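Each reported figure results from applying straightforward, stated rules to the coordinates on display, with no laboratory input. From a predicted model like this one, the values you see are computed outputs, not experimental measurements. Cβ: placed from backbone, ideal geometry, glycine included. Neighbour counts: every protein chain shown.
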Amino acid sequence: MKKASILMILGPLFLLGLYIFPLWNIMLGAPQYPDPLGLNIHISGLRGVNEFDIQNIDGLNHYIGMHTLPKPEDMWEFGTFPMIIGFMVAFGVLIGILGYLQKVSYQWFFGWFILMSILGILGMYDFNEWLVDYGTNLDPNAIMKLTNPDGTPMTYKPPLLGHVKMLNFDVTSLPSTGAWLMFVGMMLTLTAGYLGWKNTKTQ
């Protein structure tokens, strides 16, 4: 149980990487931009991959009626997510310490993993809803009003995951360093639960 508990202590600590590294990355490439425009999505706000990417993206979006990219104070998520991650790190480490002291069972390890998975799914759902609103809630007085072949207004929702062709832009949306660190941490806690279960079963 001690080996499992050590993994349970280490796993949540990987989530601290979310305070440093971006969770998600969206890149926009086009012939007129030899260096693609990039957007890093952190748990506390949006940042451009390069110095002027935010301004350039907002400038492009203005022509087609998309809103400017939100600042941290514009979205409650950017204030709440850092607190949730902090709580989950502290809670996970506490569970690991109590497991090491044989105060709680391996079931708490699985419980933390399930809770973190639920929070992750809810976070992705919220992120996708923001992308839908960002790409479809357009200014009716936009300079350019583009339509689909069937006559309906064109929408500009970036993909949640993967690649899409949007006008003359190639838009790619993928997990970034913070997401992979979180994944590693969660796999460590899942392994901790398995080792704890296996140890209990052996005894």
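What ³J(HN,Hα) values, in whole Hz, does the Karplus curve 6.51 cos²θ - 1.76 cosθ + 1.60 give for segment 102-107 when θ = phi - 60°, with x put for Gly and Pro?
6, 9, 9, 8, 4, 4
Enter the Cα centre distance for the pair segment 102-120 and segment 1-29, rounded to the nearest angstrom.
15
Positive end of the charge dipole of segment 44-203 (Lys, Arg +1 and Asp, Glu -1 on Cβ, about the Cα centre): tell me which of Met124, Pro140, Pro70 has its Cα farthest that way.
Highest projection toward the positive end goes to Met124.
FRET efficiency for Leu160 and Phe183, Cβ-Cβ distance as r, R0 = 25 Å, nearest 0.05?
For Leu160 and Phe183, the calculated efficiency is 0.95.
Given the Cα-Cα distance of Asp58 and Gln107 and 0.36 nm per residue of separation, how much length would full extension add, in nm?
Value of the extension gain: 12.9 nm.
Measure nothing but the geometry: give the 0 to 90° angle between the long axis through the Cα atoms of 77-100 and the longest principal axis through the Cα atoms of the chain, rounded to 10°.
20
Quick one: if the Förster radius is 25 Å, what FRET efficiency do Glu73 and Ile143 give, using the C-beta to C-beta distance and rounding to 0.05?
Once rounded, the FRET efficiency stands at 0.35.
For helix 177-202, report the angle its Cα long axis makes with the longest principal axis of the Cα atoms of the chain; keep it between 0 and 90° and round to the nearest 10°.
30
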